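Chemist: For reference, the structure I am asking about is given below.
The values are calculated or read from the model by the stated rules, or taken from the named source; none is laboratory data. These numbers come from a predicted model, not from an experiment. Counting neighbours? That spans all protein chains shown, and the Cβs are built from the backbone with ideal geometry, glycine included. The accessibility values were calculated without ligands, DNA or RNA, using every heavy atom of the protein model including side chains. Shrake-Rupley method; radii C 1.70, N 1.55, O 1.52, S 1.80 Å.
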Amino acid sequence: MNEAEFEQHLASTLRLVLPFFQPAQVSSQRSFSIKFGHHHVLVDDQIPGERAKRSTYDVLLKINGSPLVLLELKRPGLPLSADDRDQGVSYARLTDPITPVTIVTNGQNFHVYDTYTKAEIENEVLDENFFTGRIAQASLLAKNAFKDALFTLIESDQRLLFSMLNTISKNTFAELTGAVSDPTRPIINDFSVPRALLGELQETVWEKQFVALTGDAYCGKTNLLYQYYQSAEQNEEAVLYINCADFHYSIFRKLANNLHSLLRFPVDELKLKEWLFLHFDEGTEKKITVIFDHVRADMDRVMMADLSEFLDVFKMDGNRIIVAVDQSVFYQLRFAESRLLNTMIGNNFREVQLGNFTTAEYFAANELLADHYQMAFAPGAAYTDVYRLPRIWRILVASSVRERPGEGFFALFKAVPGVEFLKVIQDTFQLDARLVSDFMPLIAAYIAGLTGLKDLKLKLMAVHLGIIREELALKYLDSSRINRLIQGGYLERRLVAGFEWVLVCKLPELLAGYAAQHLKDKYVPLFQADFDLAYREFIDDCTFLPYGELVACRLILDIGEAGDIDLFSDIINKLLNDEPKTEVDTSAKELELFVQKVGKVRLQMEEGVETVFHTNGFPYLVLAHVLSTGVGDGSAHPHHFRLGLISVLANKEYMIRKADLTFFHEGIPSFEIGRLGSVLQTNIGIIEPITQALHVNLLTFPEIFNGYLSFALKNKMYHLVHRMFIAANNTNSMEIGNKPLARVSRRIRKQYTALIPEIIAYGVAEDETNREERKRIEDRIRKLNIGNKP
């Protein structure tokens, strides 16, 4: 039935059932609300063409402006039944105020019912006197009649059951939503980043029916499920969201309790199962998705039995189930313990894996951040792997909101996390004394276990995740303390295929935040006993520690701040002399890398193809972070010491940044200039801590930096000038009101732009090319206008 057919059917019906009223006295509403317990539900038949399969339409009729008739309008030719009467009367009883008369008709025959008594009214004239008398009976409707009306509609109208389930889900999600400063709430008010995986999740749910949404801890699974719920509700489907971390008894009992609160009437579990299981079949157009979030390996047996019951019934009626589970827990649930046999989860659920922010998601989140919180990540931060982790955004934003001096301030996060990041971690996760007493031995176990991780895959996993062999951890913590950390959400057990059980720190940044003190206690005495041996062990430990370059930097600064200047200077000089190594190889070889979420990646190198390897980059990475802190040598000219060290690092052709595999496939934008080697593009922001050190020093000491530029230009330190330009290119938002900074930044940009032809000429010329020939190349480049735009 299309819109025109519906209007014609309604008009002819009104002439039949209300012959004593003029058309102007009667108006109709195809969209109205009913009072459903504590909340109102919209009954919307506004567009018949979109509900072509419905046999009845509910219309609220107003006579002279007052709602007096609930019209249950059936398609022409369909017989009238007692079920039609019950549904129509139930709707009329739940409107607010109650609609006194219910009429059921197919446009040819009709029956008139007293809404209050459900009795059929015969031989009555439907005029104004009739309706006036019916309104006076409104107070006579018994409480049980409301209950009957509620239950009748739940059983007869899928939309109302869906509305109830969605209301329960909405209330549960509301309990999980809070301010960004509250890390216990996974969903932030007004800050939901649309995840690209939503479409794939929906498609897989539609096609496969049962889906396991997996991913690392704190990667945003609950937020994605919230977006799934919002989309399903918009599509008039139902989502029943169950937070498994919130209760530990029967799911059906929990739902019955929720419905009791919602409807103001007790609902037993059998009635609930009847509504959920018997109300649907394969032909039902709209479906329910039941979501079990925060599923754990030790899930309560009663809840697991309920999940199994849902699964068995939904196989018959086409409704859907999503279980959301951490990646490692999914493996445990998928296979029976000690046997590679699939379980209920393994046999029935298709995995959809949620990763960290994609590039598009990162920029969408950054835009939301600016709009809602007046803060953003600096240009270049998109190339920092940890800024793709949703949990890191939560930590940084929560800290910035707490420390914001007031309204009108815009916060800009560093493009590369500095040593202050560790303090933010500790301040955000303020562990109580008991947890600290558990956590510190865990760090000791982790550090002690690094030397035992002989396999490269385990070492690379340790860098990303902070893994500890459980066998070793038990030497530092007893099983009860380990279980306490697991229950608190700080650890998880993971079986590394082909290896052994390991403990994974779910917040590796927390491990890093508390590691500096442990390393200081361990290494200060060792440095004093045997400096060279302690240095090598110190570098080895920190290299495979999450955020190890920041931990090493924090330790070095702590030594300096404690007044041990000699040891501080010795470490700085050792780092400076421990240069990265460059190797060139043309032989055939096969390289094996371990990429998170991908696994082993093999690269084939053909013979005769020149391959350049940069190794031992960690010492310079640590030194770059130290130089971002304004550290000096205690002399009358501390800036000369710092800027001198920066000159050495910043004039290197290779990138000085953390070795991560985030952009293994995308790459970082750069270009080759002959013998100058690889040069970063200047429009992507700051992506190296050494360039950030230049940026910090430029912001802090612009006048001193002015002389530093002259030094770099005089000595033709092209890579240094290039990095200085990138630093100056990222001061625009900070130059307002800072005349010295604006003046020096402009000079850097102007001088570098003028220098580009000289840089290109130097790069493309052969080593033996004399100065005159290079000048001719430079002049030709200028004439071709190459390099006018850096």
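Chemist: Could you look through the range 524-550, keep only residues that are surrounded by fewer than 18 Cβ atoms within 10 Å (Cβ to Cβ) and among the aliphatic types (A, V, I, L, M), and pick out the one that is farthest from the chain's Cα centre (by Cα)?
Modeler: So the residue we want is Ala529.
Chemist: Further question: Hey, can you tell me all the residues within the range 191-209 that are open to solvent by 20 Å² or more (accessible area, probe 1.4 Å), over 26 Å from Val397 (Cα atoms) and within 19 Å of the chain's Cα centre (by Cα)?
Modeler: Correct list: Gly199, Glu200, Gln202.
Chemist: Out of all the residues in the range 288-301, which are surrounded by 21 or more Cβ atoms within 10 Å (Cβ to Cβ) and either part of a loop (DSSP other than H, G, I, E, B) or not aliphatic (A, V, I, L, M) (or both)?
Modeler: Scanning the range 288-301 gives Thr289, Phe292, Asp293.
Chemist: Separate question: Take the residues in the range 210-230 that are in contact with a Lys or Arg (Cβ under 6 Å, 6 or more places away or on another chain) and modelled with pLDDT under 95, then tell me which one is most open to solvent (accessible area, probe 1.4 Å).
Modeler: The residue in question is Tyr218.
Chemist: I've got another one for you. Would you pick out the residues in the range 415-451 that are touching a strand residue (DSSP E or B) at 6+ places or on another chain (Cβ under 8 Å) and of a type outside the set (A, V, I, L, M, F, W, C)? Break it down into steps so the answer makes sense when it comes.
Modeler: Taking the range 415-451 first, the residues touching a strand residue (DSSP E or B) at 6+ places or on another chain (Cβ under 8 Å) are 415, 442, 445-446, 449.
Those that are touching a strand residue (DSSP E or B) at 6+ places or on another chain (Cβ under 8 Å) and of a type outside the set (A, V, I, L, M, F, W, C): Tyr446, Gly449.
Chemist: Provide a single number: the residues in the range 76-115 that are assigned to a loop (DSSP other than H, G, I, E, B), under 47 Å from the mean Cα position of the chain (by Cα) and without any contact (Cβ under 8 Å) to a residue 60 or more places away in the chain.
Modeler: Number of matching residues: 2.
Chemist: Okay, moving on. Please find, within the range 482-503, the residue that is modelled with the lowest pLDDT out of those that are open to solvent by less than 60 Å² (accessible area, probe 1.4 Å), outside any loop (DSSP other than H, G, I, E, B) and more than 24 Å from Lys423 (Cβ to Cβ).
Modeler: If we take residues in the range 482-503 being open to solvent by less than 60 Å² (accessible area, probe 1.4 Å), outside any loop (DSSP other than H, G, I, E, B) and more than 24 Å from Lys423 (Cβ to Cβ), then Arg494 is modelled with the lowest pLDDT.
Chemist: Let me ask you something else. For the range 549-612, which fully contained strands (runs of 3 or more DSSP E) count at least 1 residues that are at pLDDT 75 or above?
Modeler: 581-585
Chemist: So which helices (runs of 4 or more DSSP H) are wholly in the range 337-433 and hold at least 2 residues that are more than 19 Å from Asn730 (Cβ to Cβ) and at pLDDT below 85? Talk me through it step by step, then tell me what you get.
Modeler: Details: elements: 344-348, 359-373, 390-403, 420-428.
The qualifying helices (runs of 4 or more DSSP H) are 390-403, 420-428.
Chemist: If a residue must be crowded, with 19+ Cβ neighbours inside 10 Å and farther than 13 Å from Leu477 by Cβ, how many such residues does the range 419-446 contain?
Modeler: 6
Chemist: May I ask you to list the residues in the range 743-778 that are part of a helix (DSSP H, G or I), of a type in the set (D, E, K, R) and open to solvent by 60 Å² or more (accessible area, probe 1.4 Å)?
Modeler: Scanning the range 743-778 gives Arg743, Arg746, Arg747, Lys750, Arg771, Glu772, Arg774, Lys775, Arg776.
Chemist: Here is a further query. Give the residue that is most open to solvent (accessible area, probe 1.4 Å), with candidates limited to residues of the range 378-411 that are of a type in the set (Lys, Arg), in contact (Cβ under 8 Å) with a residue 24 or more places away in the chain and more than 21 Å from Pro689 (Cα to Cα).
Modeler: Arg402
Chemist: Can you tell me which residue among Arg657, Arg642 is touching a Pro at 6+ places or on another chain (Cβ under 9 Å) and either at pLDDT 70 or above or surrounded by 13 or more Cβ atoms within 10 Å (Cβ to Cβ) (or both)?
Modeler: Being touching a Pro at 6+ places or on another chain (Cβ under 9 Å) and either at pLDDT 70 or above or surrounded by 13 or more Cβ atoms within 10 Å (Cβ to Cβ) (or both) holds for just one of Arg657, Arg642, which is Arg657.
Chemist: Looking only at the range 714-742, count how many residues are open to solvent by 40 Å² or more (accessible area, probe 1.4 Å), touching a residue at least 24 places away in the same chain (Cβ under 8 Å) and either in a helix (DSSP H, G or I) or small (Gly, Ala, Ser) (or both).
Modeler: Matching residues across the range 714-742 total 4.
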